[in-house]
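The values are calculated or read from the model by the stated rules, or taken from the named source; none is laboratory data. Model, not experiment: these values are computed from the prediction. Positions of Cβ are generated from backbone atoms using ideal geometry, with glycine treated the same way; all protein chains shown enter the neighbour counts. Surface areas here come from the heavy atoms of the whole protein model, side chains and all, with no ligands, DNA or RNA. Shrake-Rupley method; radii C 1.70, N 1.55, O 1.52, S 1.80 Å.
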Amino acid sequence: MSYELTIEPLGQTIEVEDGQTILDAALRAGIYLPHACCHGLCATCKVQVVDGEVDHGEASTFALMDFEREEGKTLACCARLECDTVIEAEIDEDLDAENLPVEDYAGEVVRIEALTPTIRGIWLKLDRPLRFQAGQYINLEVPALGGLSRAFSLANSPAQADRVELNVRIVPGGQVTTWLHEKLEVGEKLNLSGPYGRFFVKKSANVPLIFMAGGSGLSSPKSMIADLLNNGCELPMTLIYGQRNLQELYYHAEFTELAARHANFSYVPSLSHEPEGSSWSVARGFVHEAAKAHFNNDFRGHKAYLCGPPAMIEACISTLMQGRLFERDIYMEKFFSAADASQQLKSPLFKNI
């Protein structure tokens, strides 16, 4: 059984399977609806039901209050249709978005590498090429854990579409990341879906780029930078990458070599907890501190792309804005777990993340 969903103001009608959420159906049809946590907690995906009936599913009473339900509002990430329905959503047009539909893929693990003591590189060969924009992410499903899935950014360039790279940081107590670190073996079959997200380079702006990353947040900038350089982009671009210590700094040699080969690419690694007296002679401190020093606290005329832990994102936003770069020129990727979303980790400086 399926129902018809009409999305206004697009005027586009799509099929929604029984039990499928509004958000999943829209993304699989190549229609982007704003969303963030996907757990019914952050309210980013709130839409207006104009006609029809929906089951609100697991939407929290905080994100979707009783009076809002009575007014016909619902959360697209949780809502399931009960009949043919019309909704109204706030959909911003983005000249740089390719609006690629989400699809399902079967993958086989062909390589596993310990990139750092806490981050593993996992390479999967897919049953067919995955079209995505550099900076987007996938949801990886683990059959051995009953189909549990988690979101991971794609670290490879879109040019390598049939073999994807994921950089997975182990999360203490995290069921999926612990299994991927301790149990996963070459030859394992894993399923994934994608691409997801609106984190990609705004190429049409044609201005210098700043990439700021921390931890395994390097994945998206790695993909973006490779894509830009492979396609002959001559815009100035700078990667500022932070880790705690030298042991955790990965792909350092590769980015150093890229900077030597491309005059328009600069690489600024910074370590926040590297012991004094070690061999490290480059920047020390957090990502936002390294950025402030490198640009002399003046970020005007750039677009900035941030990817990393929530605390890093917040510090970078504050530093960029103090250096006269504002909301319209700052983009970020910050994954929300159910716990994160319930703690409302969205920056108060931004309407949407």
- Item | segment 194-218 - residue that is of a type in the set (A, V, I, L, M) and out of contact with any Cys (no Cβ under 6 Å at 6 or more places or on another chain) and, of those, nearest to Glu289 (Cα to Cα) | Ile210
- Note on the structure: Just one listed residue, out of Glu113, Glu58, is on the phi < 0 side of the Ramachandran plot, open to solvent by 40 Å² or more (accessible area, probe 1.4 Å) and assigned to a loop (DSSP other than H, G, I, E, B), and it is Glu58
- Query: Here are some residues: Val164, Val142, Val168, Val110. Which one is in contact (Cβ under 8 Å) with a residue 40 or more places away in the chain, farther than 26 Å from Asp24 by Cβ and among the hydrophobic types (A, V, I, L, M, F, W, C)?
  - Reply: Val110
- Filtering segment 272-287 down to residues that are of a type outside the set (A, V, I, L, M) and within 31 Å of the chain's Cα centre (by Cα) yields Ser272, His273, Glu274, Trp280, Arg284, Gly285, Phe286
- Item | Residues satisfying the stated conditions in segment 67-93, i.e. over 25 Å from the mean Cα position of the chain (by Cα) and in a loop (DSSP other than H, G, I, E, B) | Glu71, Gly72, Glu82, Cys83, Asp84
- Consider Leu64 carefully, then state whether it is within 18 Å of the chain's Cα centre (by Cα), part of a loop (DSSP other than H, G, I, E, B) and at negative phi. no
- Item | Subset tally (residues that are surrounded by fewer than 16 Cβ atoms within 10 Å (Cβ to Cβ) and either in contact (Cβ under 8 Å) with a residue 12 or more places away in the chain or assigned to a strand (DSSP E or B) (or both)) for segment 175-202 | 7
- Query: Can you name every residue in segment 288-320 that is in contact (Cβ under 8 Å) with a residue 40 or more places away in the chain and over 21 Å from the mean Cα position of the chain (by Cα)?
  - Reply: Ala290, Ala291, His294, Phe295, Phe299, Gly301
- Any chance segment 135-144 includes a residue that's within 18 Å of the chain's Cα centre (by Cα), open to solvent by 10 Å² or more (accessible area, probe 1.4 Å), acidic (Asp, Glu) and closer than 28 Å to Gln20 by Cα? yes
